[in-house]
Amino acid sequence: MYNPLDKILGQEKVKLTLERIISSGKVSHAFLFKGLEGIGKEDTAIRFAQSLVYHSTSSDEKKSYLISQIENFSEPFIKYIFPLPRGRNETDDDNPYEKLKDDEIELIQEELRNKSLNHFYKIQIPKANNIKINSIRDINHFLSLSYDESIKRVVIISDAHLMNDAAQNALLKNLEEPPENIIFILVTHYPERLRETIRSRCWIINFQPLSSEIVEKILITNFDVEQSLAKKVSILSNGSVSTALKLIDYGLEEIKEKAIKILRYSFGRKFHSAYLEFDDISKNSDTEYFAVIITLLIQWLNDLIKYRTNSGKIIFDDYLETFEKFNTKYPDLNLLPLSNRLDEISSRLKNNINLNLAISNVVAEIADAITTK
């Protein structure tokens with residue numbers, strides 16, 4: 001029987017840390033898995049829950065059964081909490097599924113099946129914007145279910161930053177008085193949105209971006225992405241499977257063309273035309289799309305450096321004429337400060353920065369890079 005932690009792709013330091021924690025016999029009652037979205041935090045949380053069983057004293061037959069039940073998110077073997085829609089006339093005292101429609105329940109079950117088959121799959125349920133307080137309160141029901149007390153159980157809270165204040169308060173009670181043999185794993189790419197009283201009670205595990213090779217492998221194996229496309233988007237993904245999938249969904253070539261137009265109009269101080277390229281993003285308040293656009297703008301700047309030095313793989317290889325024209329006009333212009341400023345704008349998106357203001361900043365920064373050379 002294999003150790004489930006061995007199936008984790010990348011995150012070697014995290015795997016080593018978790019293996020040492022399990023081997024020590026002193027497993028914390030709460031963990032906070034933090035890092036970019038789409039880098040394997042939930043996959044690791046599930047494998048960690050299975051590894052606890054693997055290291056138990058149970059028979060191999062029982063271990064195999066329990067590991068398969070965890071894989072399927074079956075209670076009472078594991079509790080998986082994620083954002084759910086609110087049912088009609090639902091109160092905080094209702095069961096989190098009690099007031100949902102049959103078709104909503106069916107969709108949730110289907111999404112969970114997809115997640116069990118592919119841990120990198122992102123559950124998508126309409127109107128599921130928050131983790132409800134009754135989902136946290138339902139942990140008490142989970143605790144009451146009959147179970148072998150010699151084996152530790154795990155509660156995974158996906159997108160933990162989506163807990164509102166009431167839900168965080170409810171969870172805090174469990175963390176302050178942790179139940180016996182229960183381990184909480186909070187998974188988030190926005191840890192700063194969790195209360196300090198919650199963060200301080202968790203063992204924090206930092207996850208790093210995946211290598212482009214691993215992102216490519218996951219895209220091919222888990223999402224059936226064609227190899228050449230997987231390779232292209234993995235290089236642009238910043239180590240995130242989620243970002244790579246967004247590039248595919250948005251259309252890689254279309255979004256590259258948009259990035260080129262934004263650069264051309266902004267460098268040329270054609271502000272109206274530049275803003276028009278952002279029009280659909282602004283209207284739909286699509287911060288994810290905006291973040292991907294910034295990634296491509298930065299990539300073009302990086303490609304320009306590679307073009308000048310004749311080194312490295314150029315992602316915008318079908319737009320070589322843009323580098324030639326720009327380099328002819330501005331052969332000595334250092335655009336590294338611009339790249340850094342665009343990256344700063346992107347990082348501030350998680351703080352709910354005004355999108356229109358961010359768009360204006362991007363256009364202005366690109367334009368000023370020429371005028372202040």
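The values are calculated or read from the model by the stated rules, or taken from the named source; none is laboratory data. These figures come from a predicted structure and were not determined experimentally. All Cβ positions, even for glycine, are placed from backbone atoms using ideal geometry, and neighbour counts span all protein chains on display. Each accessible area value is taken on the protein alone, full model and side chains, heavy atoms only, with ligands, DNA and RNA left out. Shrake-Rupley method; radii C 1.70, N 1.55, O 1.52, S 1.80 Å.
Out of Leu84, Leu66, report the one residue that is out of contact with any strand residue (DSSP E or B) (no Cβ under 6 Å at 6 or more places or on another chain) and within 30 Å of Ser150 (Cβ to Cβ). Result: Leu66 is the single residue among Leu84, Leu66 that is out of contact with any strand residue (DSSP E or B) (no Cβ under 6 Å at 6 or more places or on another chain) and within 30 Å of Ser150 (Cβ to Cβ).
Has the stretch 44-61 got any residue that is of a type in the set (Phe, Trp, Tyr) and open to solvent by 20 Å² or more (accessible area, probe 1.4 Å)? Reasoning before the result, please.
Of all residues in the stretch 44-61, those of a type in the set (Phe, Trp, Tyr) come to 48, 54.
Narrowing further to those that are open to solvent by 20 Å² or more (accessible area, probe 1.4 Å): 54.
Yes, there is a match, as at least one residue in the stretch 44-61 is of a type in the set (Phe, Trp, Tyr) and open to solvent by 20 Å² or more (accessible area, probe 1.4 Å).
Against the test of being assigned to a helix (DSSP H, G or I), in contact (Cβ under 8 Å) with a residue 60 or more places away in the chain, surrounded by fewer than 19 Cβ atoms within 10 Å (Cβ to Cβ) and of a type in the set (Ser, Thr, Tyr), the options Ser282, Ser347, Ser266, Ser273 yield a single qualifying residue, Ser282. Looking across the stretch 321-336, the residues that are open to solvent by 100 Å² or more (accessible area, probe 1.4 Å) and either under 17 Å from Glu365 (Cα atoms) or not in a helix (DSSP H, G or I) (or both) come down to Asp332, Asn334. Flag: Lys79 matches the condition of being under 18 Å from Asp43 (Cβ atoms) and either part of a strand (DSSP E or B) or small (Gly, Ala, Ser) (or both).
Of everything in the stretch 104-117, what is open to solvent by less than 100 Å² (accessible area, probe 1.4 Å) and farther than 18 Å from Glu71 by Cβ? Give them in sequence order. Before you say what the answer is, go through the steps one by one.
Going residue by residue through the stretch 104-117, those that are open to solvent by less than 100 Å² (accessible area, probe 1.4 Å) are 104-105, 107-112, 114-116.
Listed by number, the residues that qualify are Glu104, Ile105, Leu107.
Is it the case, given these coordinates, that Ile108 is under 26 Å from Asn169 (Cα atoms), in contact with a strand residue (DSSP E or B) (Cβ under 6 Å, 6 or more places away or on another chain) and modelled with pLDDT of 95 or more? Answer is no for this residue.
Quick check on the stretch 214-222. Is at least one of its residues aliphatic (A, V, I, L, M), in a helix (DSSP H, G or I) and without any contact (Cβ under 8 Å) to a residue 24 or more places away in the chain? Spell out the reasoning first.
Quick first cut of the stretch 214-222, residues aliphatic (A, V, I, L, M) only: 214-215, 218-220.
Pick out the ones that are also in a helix (DSSP H, G or I) and you get 214-215, 218-220.
Filter once more, so that each one left must be without any contact (Cβ under 8 Å) to a residue 24 or more places away in the chain: 220.
Yes - at least one qualifying residue is present in the stretch 214-222.
What tally of residues in the stretch 240-257 results from selecting those that are free of Cβ contacts under 8 Å to residues at least 40 places away in the same chain and either open to solvent by less than 30 Å² (accessible area, probe 1.4 Å) or touching a Gly at 6+ places or on another chain (Cβ under 7 Å) (or both)? Selection size over the stretch 240-257: 2.
What tally of residues in the stretch 86-96 results from selecting those that are open to solvent by less than 20 Å² (accessible area, probe 1.4 Å) and either of a type in the set (Asp, Glu) or within 20 Å of the chain's Cα centre (by Cα) (or both)?
We begin by selecting, within the stretch 86-96, every residue open to solvent by less than 20 Å² (accessible area, probe 1.4 Å); these are 87, 90, 96.
Subset that is either of a type in the set (Asp, Glu) or within 20 Å of the chain's Cα centre (by Cα) (or both): 90.
Result for the stretch 86-96: 1.
Scanning the stretch 198-222 for residues that are open to solvent by less than 60 Å² (accessible area, probe 1.4 Å), more than 18 Å from the chain's Cα centre (by Cα) and of a type in the set (S, T, N, Q) returns no hits. The residue pairs whose first member lies in the stretch 108-126 and is within 22 Å of Ser240 (Cβ to Cβ) and part of a helix (DSSP H, G or I), whose second member is of a type in the set (D, E, K, R) and open to solvent by 30 Å² or more (accessible area, probe 1.4 Å), and whose beta carbons are closer than 6 Å, counting only pairs six or more residues apart or on different chains, are Ser116/Glu71. Looking only at residues of the stretch 286-320 that are touching a helix residue (DSSP H, G or I) at 6+ places or on another chain (Cβ under 6 Å) and not in a helix (DSSP H, G or I), we find that the one that is modelled with the lowest pLDDT is Gly312.
Among residues of the stretch 285-301 being of a type in the set (Val, Ile, Thr) and either open to solvent by 20 Å² or more (accessible area, probe 1.4 Å) or in contact with a His (Cβ under 7 Å, 6 or more places away or on another chain) (or both), the one that is nearest to Leu247 (Cα to Cα) is Thr295.
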